[in-house]
Every structure is written in C-alpha cells, then in structure tokens.
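Right, one structure below, let's go through it.
The values are calculated or read from the model by the stated rules, or taken from the named source; none is laboratory data. As the structure is a prediction and not an experimental result, all values here were calculated from the model. So basically every Cβ, Gly included, is an ideal-geometry build from the backbone, and we count neighbours across all protein chains shown.
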Amino acid sequence: MQAYESREVRTRGPFTVNDVALKAYEIFAPGRGDDVRPEPSAFASHLRDAGDLFRSGSEQFGHGAGFVIAHYARDGNYLLASRWCGLNMLRHRVFTFAWKDSPAAIELAPLSMPDIIACVWELEVIKFERDQWVRTAMRDASGAPGAEALERYLGAAFAGAV
C-alpha cells in the first residue's frame, strides 16, 4: 500500500473513435511524467474493436462524446475509456496497455479484474467529467444534447493535479 501523493494530470487530444469524440487525459505517478508515451490517437484503432463501447451504430442512445484517461501508474499503464449514453449514464471499460518497440505500437488488453472501475486519482477526473456533462449536455430539457452543448462539453477540460 502506498501513501497518497498528488499526481499530475495533462490534457491531450481530443480524438475520434468511429463517431465518438473523446477528450484525452493522462495521469502520472511521481517519476513517470517524462516517460515516452503514445499519442492518444494511437489508442483509437484498439478502441474501435473493444467490445461495443465505440462500435459505430452500437449505441441507440449514444451521444457521440466521452473521454479516455491514460494512467501511467507505479504498477503499470491503464486506459479508462468512457462514453456517455442515455443522457445520464456512462459506459466504461478499463484496460492495461504496453508497447514493445514504439509507443505507436501499443498492446491493449482488458483489465484482468473487470469489477475494478477506477482508482482514487482517476475518480477525480471522472467527477470533473460528470460535472461538465451535467452543466453542458443536460442543461436542455429536450432529452438529447445538441451540437452546441456537445461542443461546450468537449471544450471543457480538467487542469491541475489530483
């Protein structure tokens, strides 16, 4: 077990997987901020095939927006992929990732413990995203966020440390 230490969060991206626009974040454990790492778009081809989360046309009530968090932790690299659906729900998957020769050639695998949602550092960014979704996409009572609301949501990004 480790004592809590603040971790740096950087915003990258956004990028698109199929028809879903994704904000991209990176979280760094102490000493990992200068690591060579993949561009967020390097995850796109893997996420296209990651179950039905980002498969084009797979989400009847999808809103074409979400976020990913690449966490460079002490015990490995984790990718959290999330997509808004049904106006007030978040679909979510957690993966581990690594690369051999180049950060552009990542290998992505589902987390071996599928009941884990996030760690304390990742939860802070998820909370920010929840708050932004409520402030932007859920402001209109029509039941579906319009293009302007999605643009406001995608334009708001977490800044700082967690």
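The condition of being at negative phi, in contact with a Leu (Cβ under 8 Å, 6 or more places away or on another chain) and modelled with pLDDT under 80 holds for only one of Phe67, Phe15, Phe61, Phe43, that being Phe61. Every listed requirement among (1) in contact (Cβ under 8 Å) with a residue 60 or more places away in the chain; (2) more than 17 Å from Ser41 (Cβ to Cβ); (3) surrounded by fewer than 18 Cβ atoms within 10 Å (Cβ to Cβ) is met by Ser112 save one, (1).
Among the residues of the range 1-12, those identified as assigned to a loop (DSSP other than H, G, I, E, B), at pLDDT 90 or above and of a type outside the set (Ser, Thr, Tyr) are Glu5, Arg7.
Every test in (1) within 26 Å of Arg7 (Cα to Cα); (2) modelled with pLDDT under 80 is passed by Leu53 save one, and that test is (1). In the range 125-153, the qualifying residues are those that are of a type in the set (Lys, Arg) and under 23 Å from Ile27 (Cβ atoms), and the one that is modelled with the lowest pLDDT is Arg135. Residues in the range 21-50 that are without any contact (Cβ under 8 Å) to a residue 24 or more places away in the chain and either in a strand (DSSP E or B) or more than 17 Å from the chain's Cα centre (by Cα) (or both) were compared, and the one that is farthest from Ala157 (Cα to Cα) is Gly31. Taking the range 115-148 as the range and being touching a residue at least 24 places away in the same chain (Cβ under 8 Å) and part of a helix (DSSP H, G or I) as the test, the residues that pass are Val120, Trp121, Glu122, Glu124, Val125, Ile126, Phe128, Glu129, Arg130, Gln132, Trp133. Within the range 88-126, being farther than 21 Å from Phe54 by Cα and basic (Lys, Arg) holds for one residue alone: Lys100. When residues in the range 117-143 are screened for being of a type in the set (A, V, I, L, M, F, W, C), surrounded by 12 or more Cβ atoms within 10 Å (Cβ to Cβ) and more than 19 Å from the chain's Cα centre (by Cα), 1 of them pass. Scanning the range 59-83 for residues that are aromatic (Phe, Trp, Tyr) and touching a Lys or Arg at 6+ places or on another chain (Cβ under 8 Å) yields Phe67, Tyr72. For the range 1-17, the candidate set comprises residues that are touching a helix residue (DSSP H, G or I) at 6+ places or on another chain (Cβ under 8 Å) and surrounded by 14 or more Cβ atoms within 10 Å (Cβ to Cβ); within that set, the residue that is farthest from His63 (Cα to Cα) is Arg7.
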